[in-house]
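Data block below; observations after.
Taken together, the values in this text are just the output of simple stated rules run on the coordinates, not laboratory data. Nothing here was measured: the structure is a model prediction, and the numbers come from that model. Positions of Cβ are backbone-derived with ideal geometry, glycine not excepted, and every protein chain shown enters the neighbour counts.
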Amino acid sequence: MSVQKRFGGELSEEEFKKFTLYTTQSNNFEDDNTRAQILGFQNEGVRIAPGAIVRIGDNQIAKNSYVGLYSYINGDVSIGENVLIGPHVSIVASNHLFDPTTGHFSDRSCLEKGKVVIEDGVWLTSGVVITPGVTVGKAALVCANAVVTCNVAPHAIVAGSPAKQIGEINPQSGEYIWYNKEV
């Protein structure tokens, strides 16, 4: 059953106009918080920006976490407290399986493997891809457009495709410590 049929039929022209503005131009604290509540995420301070598709359990985003514009989160994904997920981030917790008897990939994903854990205080910047089975450690920073295929240590700074550690964050001072950075 379509969402429109399930929730009362087609939208009027005025409703459609409001809905379009709400889903594309309302990236502020109040609207992002309301959007999260409408989507079933009830923990305090959870915010979801316009265009984000979040298909995970209701309590899998901890308090004060933010999912950015047009991000995609799907499967068995656990997001800790005070996590920042930038725009256009993709977090997928399972893979389609190749079936040698048919010679192609299955329509459905394997739900048994691939859990993704994003620990407290993580910042996933713009365009990051987190692949199945990865844990991103507490207060790690994943730089723009990184493709994370392996676990990330707490307080690590990672970048690239595939992502590699390029620095760390001093947990006492907050200072970024860059490895082999040319000045």
Check your understanding: Once fully extended, how much extra length lies between S173 and Y70, figured as 0.36 nm per residue of separation less the alpha-carbon to alpha-carbon distance?
Key -> 33.8 nm
Check your understanding: Going by alpha carbons, how many degrees (0 to 90, nearest 10) lie between the helix axis of 13-25 and the longest principal axis of the chain?
Key -> 0 degrees
Study note, to complete from the structure: Note, the stretch 153-163: 3J(HN,Hα) by Karplus (6.51, -1.76, 1.60, θ = phi - 60°), whole Hz, Gly/Pro = x, goes 5, x, 6, 7, 10, 10, 7, x, 9, x, 5
Revision key, fill the gap. Among (i) 10, 32, 31, 19, 7, 1; (ii) 9, 37, 38, 15, 1; (iii) 8, 20, 19, 15, 11, 8, 6, 6, 4, 2, 0, the entry matching P(r) over Cα pairs in 10 Å bins from 0, in percent as calculated here is (i)
Revision key, fill the gap. In the chain, lysine pairs 8 or more places apart or on different chains with C-alpha atoms under 27 Å apart total 12
Point to revise | Degrees, to the nearest 10: 29-38 long Cα axis against longest axis of the chain | key: 70 degrees
Exercise for review: Please compute the net charge surrounding I48, taking Lys and Arg as +1 and Asp and Glu as -1 over other residues with Cβ under 11 Å from its Cβ.
Suggested key: 0
Practice item. Name the residue, out of G167, G75, G86, whose mean-square fluctuation peaks in a Gaussian network model built on the chain with Cα pairs under 10 Å. Key: G167
Point to revise | Cα Rg over Rh - the stretch 139-181, Kirkwood | key: 0.96
Practice item. State the extension gain, in nm to one decimal, for the chain segment bounded by K18 and D120, taking 0.36 nm per residue of separation less the distance between their alpha-carbons. Key: 33.2 nm
Study note, to complete from the structure: Counting only DSSP beta bridges with both partners in the chain, the antiparallel fraction in percent, to the nearest 5, comes to 25 percent
Review point. Classify the stretch 94-183: rounded, prolate or oblate, from the alpha-carbon gyration tensor (a ≥ b ≥ c, eigenvalue square roots; a/c under 1.5 rounded; otherwise prolate if a/b is larger than b/c)?
Key: prolate
**Study point:** Kirkwood hydrodynamic radius of the stretch 63-132, from inverse mean 1/r over distinct Cα pairs, in Å
**Key:** 13.0 Å
Point to revise | Residues whose placed amide H lies under 5 Å from that of G167, excluding near-sequence neighbours | key: I157, Y179
Revision key, fill the gap. In whole Hz, the Karplus estimates of ³J(HN,Hα) for the stretch 76-89 (6.51, -1.76, 1.60; θ = phi - 60°; x where Gly or Pro) are 7, 10, 10, 10, x, 6, 6, 8, 10, 10, x, x, 6, 8
Practice item. Based on a Kirkwood Rh over C-alpha pairs, give the Stokes-Einstein translational diffusion coefficient of the stretch 37-80 at 20 °C and viscosity 1.002 mPa s in µm²/s. Key: 209 µm²/s
